[in-house]
Amino acid sequence: MTNWIAANIVSWVFSVNRQFINIEGGKAQFTFVTGANGVSTPTLFLDKLFPGTYIDCSILLAVLIAIGMYYFINKTTIGFELKACGYNKNAAEYAGMNQKRNIVLSMVISGGLAAAGACFYYLNGHIELSWNTYSALPADGFNGIPVALLAGNNPIGVIFSSLLLRFLDKSGTNLAGFTGFNEYVSDLIIALIMYFAGFSKLIHDLLAKKKKTFAAQEASAENKETVAAGKGEKS
Amino acid sequence: MTFLIQTTLIYTIPLMIVALAGIFAERSGIINIALDGIMIFGSFCGAMLVHLFQTNNLLAGHSQLLYLLALLAAGVGGALFSLLLSFSAINLRADQTIGGTALNLLAPALTLFIIKIFFFQDKLVMSKSLGFIVLNDDLPPLLKPFFDKMYLSTYLMIALYIVLSIFLYKTKYGLRLRACGEHPQAADSVGINVGRYRYLGTTISGFLGGLGGYIFIATTAAGTAEGTVAGMGFLALAIMIFGNWKPVGVALGSLMFGLLKCIGASYSTLDINGDGVCALANLGMPLYFYNLIPYVAVLVVLAFTAGKSRAPKAEGIPYDKGLR
């Protein structure tokens, strides 16, 4: 619901404020890129490291935010409270945590991070925003969910899983341009990766079980040995 | 007025049937977040069947029969696709949200992949001259909104909705299915095969989801299968929560949403009392305002009723015999 409410409000605002819309070439469905009047995100030294790309300093900021979030969730009191409410809200309430405040807080943080992602993407200076969002939502919001799930809800893992998924996604678009494959192969691969990533718990459990039985066997073998060694002695 | 009732019914039917699909899955204890993907895959199967029949010139004069066959194909396609979810959720005890999200990604990728291979384009358009609409010109004005220019699927889906609601609440199988969603251990202790009932719930859900997807593309999206159903599946999930996981609530919710949505879509030409004055268009509000209304209305109603809503207790938790 809020998806479409936000989408309609964005379209409404842009339809009233027409000066943001790029009407060059008669297309009028995109806003001006931020590079048009030179307010794009600074590139620092990164454009010299990777010449010919659209890179800017937001990738550094994103990594910093991810590390900061890891610290926040795992090392601070509020982060612990958030996790506790997620695992068992009744127990958290019982332990004196304000459950409702924590839920609201987690949504606020999540909203802030999502907005930061949008800023990093659209303020880059080369990306056009299709302002008619009321008819079709940008897909990137939904694409965030698989990234988080693939990372196992670990902020550090998100750095690598987002790199992997974006790499596959972008290579798919280029695949269509240079080879005979069509661009949906990469989407197919991403979907299958996600589907099998769901089985990780099963494999984890199987491994744990095997380890357990192995340890038990070893322990029993050890017991036998000690018994065998101590056969002659009186204990 | 006639136009408004008809468009409302057309928009409401897929929403209602997909929300009912959500009920069947969640009442049996499986979170079916993959409804969007199931809709996409079902719509693709239906469109593919229609395309095959058209190119081979089969059933050329019997468009209603073709429509029925396409609905069946869509339902079976959706049911098969949902087996992927039930297999990972029931047999492998994977996280149901991850499985559902994966299927949501898989469905558009798979359909677009196949469409691109066979048709060298990004969408599969069914021929416009299908004639799925049932025409009854000579009717009294009171019956006209409900029986003239309607799709066969509208009546079928209403019948299916009633049958399945009775199945869920008045038969022993429905009771067992609901028990598996509330307390599977207790259900198992009296000899109910939890896995089998969860499979049943998810498969019915997949069948209905596929039907809903095909009805959506055949009636609302101009017969185009292009790997998207415009977020209908997620909307239906929201309507399901809005309806408190109950069929009656879902019907009311989707009817309200459909009505507001259709007012939003046709406000500029809407003439409710037939005096030639378009009252809403004269208000001077932009299109986006009317588009906002249905979502805001659902959100407001949810805010007032959410305290009473109750999800099935065991949904989303893989069944573990060892737990109490």
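Observations, loosely collected:
- Per-q log10 I(q)/I(0), chain B, q = 0.08, 0.09, 0.16 Å⁻¹ (Debye; single scatterer per alpha-carbon; no solvent): -0.39, -0.49, -1.34
- Helix axis angle, B:172-182 relative to chain B longest principal axis, alpha carbon, degrees: 70
- Scaled against the 2.2 N^0.38 Å expected of a compact globular protein of N residues, the Cα radius of gyration of the protein assembly as shown reads 1.11.
- Placing R0 at 51 angstrom, the Cβ-Cβ distance between B:Phe120 and B:Met285 gives a FRET efficiency of 0.75 after rounding to 0.05.
- ³J(HN,Hα) computed for each position of the stretch A:164-177 - Karplus, 6.51 cos²θ - 1.76 cosθ + 1.60, integer Hz, glycine/proline x: 5, 5, 5, 4, 4, 4, 5, 5, x, 5, 6, 4, 5, x
- Highest-MSF residue in chain A out of A:Thr43, A:Thr77, A:Thr133 [GNM, Cα springs under 10 Å]: A:Thr77
- For chain A, built as a Gaussian network whose Cα springs stay under 10 Å, the top-fluctuating residue of A:Lys209, A:Lys100, A:Lys89: A:Lys209
- Residue (of A:Tyr94, A:Ala115, A:Phe50) at the positive-pole extreme of the stretch A:41-122, dipole from beta-carbon charges: A:Tyr94
- Crossing angle, helix B:247-265 versus chain B [Cα axis fit, 0-90 degrees, rounded to tens]: 30
- By the count of other C-beta atoms within 10 Å, a proxy for reagent exposure, B:Tyr288, B:Tyr295 are ordered fewest to most as B:Tyr288, B:Tyr295.
- Fewest-first sequence of B:Leu283, B:Leu177 by Cβ atoms within 10 Å of each Cβ: B:Leu283, B:Leu177
- Of the residues B:Asn91, B:Gly22, B:Ala109, the one whose Cα sits farthest towards the positive end of the charge dipole of the stretch B:12-233 is B:Asn91 (charges of +1 on Lys and Arg Cβ, -1 on Asp and Glu Cβ, taken about the Cα centre).
- Gaussian network model of chain B, springs between alpha carbon atoms under 10 Å - residue of B:Val18, B:Val298, B:Val250 with greatest fluctuation: B:Val298
- With R₀ set to 51 Å, the beta-carbon distance separating B:Val248 from A:Glu222 gives a calculated FRET efficiency near 0.20.
- Residues A:Asn153 and A:Ala91, FRET efficiency given R0 of 25 Å [Cβ-Cβ distance, rounded to 0.05]: 0.80
- Distance from the Cα centroid of the stretch A:32-76 to that of the stretch A:124-149 is 18 Å (rounded to whole angstrom).
- Local electrostatic count at A:Gly141 - Lys and Arg +1, Asp and Glu -1, tallied over other residues with Cβ under 15 Å: -2
- Neighbourhood net charge (14 Å Cβ-Cβ; Lys/Arg +1, Asp/Glu -1) for B:Ile33: -4
- When only alpha carbons are used to place a centre, the stretch A:173-216 and the stretch B:190-222 end up 26 Å from one another.
- From phi via Karplus (6.51, -1.76, 1.60), per-residue ³J(HN,Hα) for the stretch A:52-64 in Hz, x at Gly/Pro: x, 10, 8, 5, 9, 6, 5, 5, 5, 4, 5, 5, 4
- Residues whose amide H comes within less than 5 Å of that of B:Ile31, counting only those at least five positions distant or on another chain, are B:Gly316 (H built at 1.01 Å from N in the peptide plane).
- Residues with amide H under 5 Å from that of A:Asn22, placed H, sequence gap 5 or more: A:Phe30, A:Thr31, A:Phe32
- Other residues whose C-beta falls under 12 angstrom from the C-beta of B:Ala179 contribute a net charge of +4, scoring Lys and Arg +1 and Asp and Glu -1.
- Flagged links, alpha-carbon separation over 31 Å, of A:Lys212/B:Lys321; A:Lys83/A:Lys170; A:Lys75/B:Lys308: A:Lys83/A:Lys170; A:Lys75/B:Lys308
- Global geometry of chain A, whether rounded, prolate or oblate, following the gyration tensor of its Cα atoms and the 1.5 cut on a/c: prolate
- Cα-based helix-to-principal-axis angle, A:200-229 vs chain A, degrees rounded to 10: 20
- Remark: spin-label model distance B:Leu152-A:Ile127 equals 4.7 nm, labels positioned 7 Å along the Cα→Cβ axis.
- Listing B:His62, B:His51 from fewest to most neighbouring C-beta atoms within 10 Å gives B:His62, B:His51.
Bear in mind these aren't lab numbers, they're just calculated from the coordinates by the rules spelled out. Keep in mind it's a predicted model, so treat the numbers as computed, not measured. Cβ atoms come from the backbone with ideal geometry, glycine included; neighbour counts cover every protein chain shown.
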